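Everything below concerns the one structure shown next.
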Amino acid sequence: MQREQLADVLSEFARTMVTDFPIQAILDRLVERIVEILPITGAGVTLISPGRDPQYVAASSSAALRFERLQTELDEGPCLAAYRTGTAISIPDLDQEQRFRRFVPRALDAGLAAVFTFPLRHGDAKPLGALDLYRDTPGALSADSMGVAQTLADVAASYLLNAHARQDLLDASAHSHEAALHDALTGLPNRILLLERLDHALLRERRSDKHSALLFIDLNRFKDVNDAHGHQVGDHLLIAIAERLPSVLRPADTLARMSGDEFVILCEDLDDRAEADLIVARITALLAQPFVLANATLAITASVGVAFAERHAARPEQLLHQADLAMYRAKRTFAASRTDRGPYEPDGHDKRLDLQEALAQAASRDELHLAYQPIVTAADGDVTAVEALLRWTHPTHGAIPPGVVIPLAERSGLIVDIGRWVLHQACTEQHRWQHSRNEPIAVAVNVSAHQLMAGGFLDDVAAVLEATSTDPALLCMEVTESIFVRDGERALHVLRQLKHMGIALALDDFGTGYSSLSYLMRYPVDILKIDRSFIAALGHDSPSTPIITAVVQLAHGLGMTVVCEGVETAPQHHELTRLGTDSCQGFHFAPPMSLADLEALVGQRADGRDLHLPARSRTGCIPSTDCPGGRSG
Ligand code: C2E
Ligand code: MG
Ligand code: MG
């Protein structure tokens, strides 16, 4: 009975989350409901921030509230002990208790007879506080009750983390917005903010006769500084550069740090392009003056590349890419001039740019293709959709994993073209297997935040749908929570337009990003894909089970379907089915596979046979297809 009630409380929690979920509401709900489920007379919960007074306290009654406050006041009691040790404390008879010598007599005086305390745990981190259950008669709680209480404490902890993040955002939204847009080391605008400003600059420039220039600065041999003096000195040098550069810029210019030793300056409203050359000269002279740091005096040089915004041209990412390439050419010149150092050795940056240049050509050289991974119904293993996953086979390096390709494409702005290619290819190939089925299969395509936010994305999608005669109802776009961070309003607009076109939307890798459940309320998402980290943790004494339960109920409550990613074993499949997931994806069913293998598989299902793949290995991978981590065979 408790288990059923537990499920009720979990789903109720889930609803609290999507309404307004202030922290106090979560705690109030927790103590109110737990006294209904368990044989106790009161419950209290205190959240503890180290070194500070408890910020939040909730209790089911005024007596319970007194016991919470008493423990804080005395700085002693089971609540603090459970919080400090991270383990539950059971005191079935206070009269017999030897610990807590100040708390116990006063609690007994006030009519308390037994206390059971549970830390609000989340992973290996310090608990957030503790949940106290009180009884006015002595007696132990059953193992089942103890289990239910700890589960609720852990689920509350995971929701509190969300609520904390949200509260922090609200409390200091300006600050956290700043943090998302600035580089932590130097405090300069980061790539996201630079691209935003560049976007505005490009729009403005169309209406004026002024010029905008983008200066890409890369320190020469910065690696030598790190190697010779250590990373701390390297960091100090970067900070010193960030402080020194503004002295040669105008107040309206934007100085941003991209990553490592790369800085970019956006200069707007230039009357003449030659002005940019002057700025470059000033920067070069400025950096040539030695940097006197606490532990070292350093002389450095930099390579600078300049790109200008052509009227009506270029998206921000493309302009940044051009400036990057110009810098790269400057670096080559610099290296060629350094005969004292011997022949020029390409460094990491060079390799990246080589790879980037190769990626730019990859589609036209026929090096890209898509792998497809089936998404099956949890109940009977029917393939209802396939996810298209990008594969790049480099002529010399071989297969380059998406974990490398996608970030590289995003950094360089190539993601816009590559994403368009993926969409076109997926829509085209979909026709190939569609005719062999009565029940159509949808295709899901991953769309990165950069691509979705780039101007012209919606036009691109409409053009591909038309060119490939694709039924939008059979297309799903998978986005991650990162799209909401950059510009939530714009993301919302684009998603609404996609929905308007009839395309389904999935929120991918749910649980790994901001995971703010309020996103789910606001954004028109049809499918929630629970990240594979939750599935991998199933059954390992982690709060995965209650979290998945709550997320599934919440998603269903909002009319979404749930896909669990990374299902690798039959026990995981069974457990997820029990928890109510609609669909599964993972090596247990099928790995990402070639189009030919997919067609064979779909044909086999059409013949009424089960989704048990020919020659499938124990890990569920087909030897002839790609199986991440070399698991095939
Ligand atoms: P994703 O969208 O979450 O795709 C699922 C990933 O999980 C795939 O990795 C798939 O091979 C892997 N996977 C599937 N089943 C299992 C399993 O049972 N266990 C484990 N451990 N892994 C499993 P892949 O193909 O390496 O892709 C990685 C990520 O790269 C994708 O994650 C997606 O975010 C991104 N990506 C792939 N193709 C594209 C694309 O065309 N455009 C964009 N923007 N991103 C893409
Ligand atoms: Mg995906
Ligand atoms: Mg995913």
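The values are calculated or read from the model by the stated rules, or taken from the named source; none is laboratory data. Owing to the predicted nature of the structure, the values given are computational and were not obtained by experimental measurement. Every residue, glycine as well, gets a Cβ built from its backbone with ideal geometry; the counts of neighbours run over all protein chains shown. Ligands, DNA and RNA are stripped out before the accessible areas are found, and what is left, the full protein with its side chains, is counted by its heavy atoms. Shrake-Rupley method; radii C 1.70, N 1.55, O 1.52, S 1.80 Å.
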_Residue selected from region 581-601 under the condition open to solvent by 30 Å² or more (accessible area, probe 1.4 Å) and more than 9 Å from ligand 1 (Cβ to nearest atom), by the criterion nearest to Leu10 (Cα to Cα)_ = Asp582
*Filtering region 557-575 down to residues that are within 22 Å of the chain's Cα centre (by Cα) and over 19 Å from Gly381 (Cβ atoms), which residue is nearest to ligand 2 (Cβ to nearest atom)?*
Met560
*asked:* Could you tell me how many of the residues in region 13-51 are modelled with pLDDT of 70 or more, outside any loop (DSSP other than H, G, I, E, B) and not aliphatic (A, V, I, L, M)?
replied: 9
*region 376-407, residues that are hydroxyl-bearing (Ser, Thr, Tyr) and either touching a residue at least 24 places away in the same chain (Cβ under 8 Å) or surrounded by 15 or more Cβ atoms within 10 Å (Cβ to Cβ) (or both)*: Thr377, Thr384, Thr393
*asked:* For region 537-585, which positions are part of a loop (DSSP other than H, G, I, E, B) and in contact with a strand residue (DSSP E or B) (Cβ under 8 Å, 6 or more places away or on another chain)?
replied: Met560, Glu565, Val567, Gly580, Thr581, Asp582, Gln585
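Can you spot a residue in region 288-296 that is in a strand (DSSP E or B) and free of Cβ contacts under 8 Å to residues at least 40 places away in the same chain? I'd like the intermediate steps shown before the answer.
Keep residues of region 288-296 that are in a strand (DSSP E or B), which gives 291-292.
With free of Cβ contacts under 8 Å to residues at least 40 places away in the same chain added as a condition, the list becomes 292.
Scanning region 288-296 turns up at least one residue that is in a strand (DSSP E or B) and free of Cβ contacts under 8 Å to residues at least 40 places away in the same chain.
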*Inside region 408-519, counting only strands (runs of 3 or more DSSP E) that do not spill past its ends, which hold 3 or more residues that are open to solvent by 10 Å² or more (accessible area, probe 1.4 Å) and modelled with pLDDT of 90 or more?*
none
*Find all pairs meeting these conditions: Cβ atoms under 6 angstrom apart; at least six residues apart or on different chains; first residue within region 498-511 and closer than 17 Å to Phe534 by Cα and within 15 Å of ligand 1 (Cβ to nearest atom); second residue open to solvent by 30 Å² or more (accessible area, probe 1.4 Å) and not small (Gly, Ala, Ser).*
Asp508/Thr480; Asp509/Thr480; Gly511/Phe534
*Across region 199-216, which residue is farthest from Ala256 (Cα to Cα) among those that are out of contact with any strand residue (DSSP E or B) (no Cβ under 6 Å at 6 or more places or on another chain) and of a type in the set (Lys, Arg)?*
Arg207
